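Encoded as structure tokens, the structure appears first; notes follow it.
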Amino acid sequence: MSTSSLRVNVAGIVELTPDVRLFRLESSYGDPLPRFEAGAHIDVRLSSDLVRQYSLCSHPDSDDAYEIAVKREPESRGGSAMMHEQVNVGDALEVSRPRNNFSLNEKAEHHVLLAGGIGITPLLSMARRLGSAGKSFRLEYFARSTDHAAFYEALRQQSEWDVHFHIGLGADATLERLRELL
């Protein structure tokens, strides 16, 4: 990471599912964090030779904290294991400034957001942006079970959003549903 990296403190950790944790990252200096576009991600430096990218799932108009959701991967090469086992509330981390390779086109008349599992993270940021801007959108969320659907309860309670859950579908049923949607 470069000299333009940011120093943040882990202000909170919430277990969203048995294998997904939400990390709330606040500026170590009390300054507002740089704003970001919906769909952006940050690099998190976990050691001198271990940097991992995580999508921001917080509201892009907020500058008080970044939120990332990290799934503990069984075959982790170190990143998710370290985030789950070694990062604690109060720890300081070095992160990059947000970058976006997955921009949201806000000029569209209607958006269809398709998420699967932990892939919900950048789309949650997009839904938050679209919702606050009064834009038309539909969120389709595929997960193997409600216990493994990060943000399930929060999304279920978003009565003003058009959210549809597809829980426990097999591969063929998922493919068929995607064909119907597209």
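Restricting to the stretch 157-167, count the residues that are surrounded by 14 or more Cβ atoms within 10 Å (Cβ to Cβ) and outside any strand (DSSP E or B).
So the answer is 2.
Does ALA115 count as farther than 21 Å from ASP19 by Cβ, at pLDDT 95 or above and small (Gly, Ala, Ser)?
For ALA115, the condition - farther than 21 Å from ASP19 by Cβ, at pLDDT 95 or above and small (Gly, Ala, Ser) - is not met.
Looking at the structure I just gave you, is ASN88 assigned to a loop (DSSP other than H, G, I, E, B) and under 16 Å from the mean Cα position of the chain (by Cα)? Spell out how you get there, then give the answer.
On the way: assigned to a loop (DSSP other than H, G, I, E, B): yes; under 16 Å from the mean Cα position of the chain (by Cα): no.
Taking the combined requirement at face value, the residue does not satisfy it.
So which residues in the stretch 125-153 are touching a strand residue (DSSP E or B) at 6+ places or on another chain (Cβ under 8 Å) and among the hydrophobic types (A, V, I, L, M, F, W, C), if there are any at all?
If the condition is that a residue be touching a strand residue (DSSP E or B) at 6+ places or on another chain (Cβ under 8 Å) and among the hydrophobic types (A, V, I, L, M, F, W, C), then MET126, ALA127, LEU130, PHE137, LEU139, PHE142, ALA143, ALA149, ALA150, PHE151 are the ones that fit.
Grab the strands (runs of 3 or more DSSP E) fully contained in the stretch 92-145, keeping just those with 1 or more residues being touching a Gly at 6+ places or on another chain (Cβ under 8 Å) and in contact (Cβ under 8 Å) with a residue 12 or more places away in the chain.
Answer list for the stretch 92-145: 136-143.
The values are calculated or read from the model by the stated rules, or taken from the named source; none is laboratory data. What you are looking at is a predicted structure, and each value in this text was computed from that prediction instead of being measured. Positions of Cβ are generated from backbone atoms using ideal geometry, with glycine treated the same way; all protein chains shown enter the neighbour counts.
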